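Trainee: What follows is a structure written as structure tokens; I'll ask about it next.
The values are calculated or read from the model by the stated rules, or taken from the named source; none is laboratory data. In this text the structure is predicted, and so the values were computed from the model without any measurement. In this analysis, Cβ positions are derived from the backbone assuming ideal geometry, glycine residues included, and neighbour counts consider all displayed protein chains.
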Amino acid sequence: MDTIYATATARGRAGVAVIRISGPMAYAVGQALCGNLPAPRVAGLRNLTWQGALLDQALVLTFARDASFTGEEVVELQTHGGPAVVGAVLRALADQTGLRLAEAGEFTRRALENGVLDLAQVEGLADLIDAETEAQRRQAVRVLSGAVGEKVERWRRDLIRAGALLEATIDFADEDVPVDVSPEVLALIDGLVADLGREAAGVAAAERIRDGFEVAIVGAPNAGKSTLLNQLAGREAAITSEIAGTTRDVIEVRMEIAGLPVTFLDTAGLRETADRLEQAGIDRALARAEAADLRLILTDGGPFTGMVPRGDDLVVLGKADTIYAHGGLAVSGLTGAGVPELMARIGEILQRRVGSAGTLVRERHRVAVTSAIAALAESRAEVVRDDSRVELAAEHLRQAVRALDALVGRMDVDDLLGEIFASFCIGK
């Protein structure tokens, strides 16, 4: 396997830049630049020189093959972060024979191939790098820590136990088996189906934590939607005017509420109009509002027929600085009155929705678990038949094992790897 190198920190000017080298020649390359390397996991200050010229003074770390992120020998150079310094060190590395620049995500891919991380942990690492909110961080850390792999291992043990019981009846088909294994097999299958079903049901909530919620602000023209959006954003994100129909397109502002990523949508005022351009904005507003996770309907206290609230939708009196509120939620985008209470209510609703999130966090995970559930159902049907076809029941259990193995990359998943690692930066 080639020895690779790359910067692990962002481009630009900074106090420190980290350059990683991984592979069988990592120590030799490090020695070529530093002279002698510190012991593994012990930081040492070294002068980096190449072709007689001093490049920089760096903090150098080494990691042994069985104790590094990639599962290979690794040298990490912590240099000063100026672009000229980083460029000089990278040029010196490029001069080394047998060394090449890493591809996107190649360090992490090597961790997967060397058994340091499983596929679900790789996805968790990608989510952790992209995490913008506390809920996203907690979820990504849970996956990265190996929670998915631990559950898969437990499910796998139960499947192997059930399969072993069935295989025993096949092996001793010509003899009297002293114990009827079907009750234990059925109990294992039923327990697995229940557990897998709960995990599959929680994927949608987990995806919302990762991808975020959309909250559409809807109402009649001049209901105060754009002013409220600007108040939430803390800036002039939308144009406000006394002229009805000012907002034609959907304006988005992303923020964090109760640790969750939320995008607020300011939409065109809903009304009957002969203006084709305004009508196009209204049609777009209705489509986005219908697809949103939650609708915030601003009213002036009178009837509003533009959209019927459903589920957790909030009906809120807008312009509370000019209209007296008779109970219920009321806000003023102009003064900010009532906005903290509104944000708290939205946070409560969204937190309830993510309460069912489990360990599995991606659609790929849900598909794998659903496939395993289907295979278990087929196996159960074979076990309870009067003419129990044990061979088929055992084969369906093996199919369930293969479906769960796909979760952590134990089987051929090359089609997925290019897409997953393409999202990583070069130095990761």
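Trainee: Name every residue in the stretch 137-148 that is assigned to a helix (DSSP H, G or I) and surrounded by fewer than 22 Cβ atoms within 10 Å (Cβ to Cβ), in order of residue number. Steps first, answer last, please.
Mentor: Quick first cut of the stretch 137-148, residues assigned to a helix (DSSP H, G or I) only: 137-144, 147-148.
Arg137, Arg138, Val141, Arg142, Leu144, Ala147, listed by residue number.
Trainee: Shifting gears a bit: Would you be able to say whether some residue in the stretch 71-87 is among the polar types (S, T, N, Q), surrounded by fewer than 20 Cβ atoms within 10 Å (Cβ to Cβ) and modelled with pLDDT under 95?
Mentor: No: zero hits.
Residues checked against (1) over 28 Å from Gly115 (Cα atoms); (2) part of a loop (DSSP other than H, G, I, E, B); (3) among the aromatic types (Phe, Trp, Tyr):
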{"residue": "Arg41", "(1), (2), (3)": "no, yes, no"}
{"residue": "Asn47", "(1), (2), (3)": "yes, no, no"}
{"residue": "Gln57", "(1), (2), (3)": "yes, no, no"}
{"residue": "Val60", "(1), (2), (3)": "no, no, no"}
{"residue": "Asp66", "(1), (2), (3)": "no, no, no"}
{"residue": "Thr70", "(1), (2), (3)": "no, yes, no"}
{"residue": "Glu76", "(1), (2), (3)": "no, no, no"}
{"residue": "Val86", "(1), (2), (3)": "yes, no, no"}
{"residue": "Leu90", "(1), (2), (3)": "yes, no, no"}
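Trainee: I need the full set of residues from the stretch 1-37 which are part of a loop (DSSP other than H, G, I, E, B) and surrounded by fewer than 17 Cβ atoms within 10 Å (Cβ to Cβ), in order please.
Mentor: Initially, the stretch 1-37 is screened for residues part of a loop (DSSP other than H, G, I, E, B), giving 1-2, 8-13, 23-25, 35-37.
Correct list: Met1, Asp2, Ala10, Arg11, Gly12, Arg13, Pro24, Gly35, Asn36.
Trainee: Would you be able to tell me the number of residues in the stretch 346-358 that are crowded, with 17+ Cβ neighbours inside 10 Å and over 19 Å from Gly234 (Cα atoms)?
Mentor: Within the stretch 346-358, residues that are crowded, with 17+ Cβ neighbours inside 10 Å and over 19 Å from Gly234 (Cα atoms) number 6.
Trainee: Further question: Considering the stretch 18-39 alone, what residues qualify as being in contact with a strand residue (DSSP E or B) (Cβ under 6 Å, 6 or more places away or on another chain) and under 13 Å from Leu77 (Cα atoms)?
Mentor: Result: Val18, Ile19, Arg20, Ile21, Ser22, Ala26, Val29, Gly30, Leu33, Cys34, Leu37, Pro38.
Trainee: Does the stretch 251-268 hold any residues that are surrounded by fewer than 20 Cβ atoms within 10 Å (Cβ to Cβ) and of a type in the set (D, E, K, R), and which are they?
Mentor: Across the stretch 251-268, the qualifying residues are Glu252, Arg254, Glu256.
Trainee: Filter the stretch 281-300 for residues that are more than 28 Å from the chain's Cα centre (by Cα) and surrounded by fewer than 15 Cβ atoms within 10 Å (Cβ to Cβ) and give the result.
Mentor: Asp283
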